[in-house]
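First comes the structure, then the notes that go with it.
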Amino acid sequence: MKKFLILALMATMAITLSFGQLGTDVYVGYNLGIKTMTAGSTDVTFFQNDTEFTGAASKSTSFIDLGLLVDYEIADGFSIGAGVGGAVPIMIGVNYSYPLEPVMLKADLIGGVSFLDLNHMGYMVKAKFGIGYDIGGFTVSLGAGYELRNYTINPTAADGKAGTLSFNSVPIELGITLRF
């Protein structure tokens, strides 16, 4: 019975994928830090360049980001997908592309679970707009937007109060989209 269900699922997936376009979005970028801050507790601190800080007076943190999103085009120019990225987020994304032949306008909304390290889990939300150049099923694009990563931190001290650590940034990304 298990073999039959697996075979039926595989056949259904193959038929579904044959009627649409499967694609990949690969991006690499630089997240220009706007503000990195802690909130909810003075027991939550963050170290940057060997300097400890806490609260709203925190500095900005910039970082390099990369990711891979495998998506499925469900309508002309509109696709949904899932993937992985930098700082180990597990993402779900929605993309819309408006073709102006050969130029393409793109809008991406990505969200998901993010891991600061193996002990701290949070969420990530990104909205990005860009412009690309389309060559057949291959698109190269450049975009920018806003990204928020938020993590709940529980201090190691027994009497410490939990708080949050937030990274706010402007992602400037180079992307490559390949449609099969």
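Report the calculated FRET efficiency for Lys2 and Phe63 (r = Cβ-Cβ distance, R0 = 30 Å), to the nearest 0.05. With a Förster radius of 30 Å, E is 0.10.
Going by neighbour counts of Cβ atoms within 10 Å, the residues Leu116, Leu174 line up, fewest first, as Leu174, Leu116. Using the Cβ-Cβ distance between Leu174 and Asn150 with R0 set to 35 Å, the FRET efficiency from 1/(1 + (r/R0)^6) comes to roughly 0.85. Report the net charge of residues surrounding Asn31, where surrounding means a beta-carbon distance below 14 angstrom and charges are Lys +1, Arg +1, Asp -1, Glu -1. Counting the neighbours of Asn31, the net charge comes to +1.
At full extension, Lys161 and Ala39 could sit 42.8 nm farther apart than now, given 0.36 nm per residue minus the alpha carbon distance.
Rule-based calculations on the coordinates, nothing more; no lab input. Predicted, not measured: the structure shown is a model, and the values here were computed from it. Cβ coordinates were reconstructed from backbone atoms using ideal geometry, including for glycine residues, and neighbour counts include every protein chain displayed.
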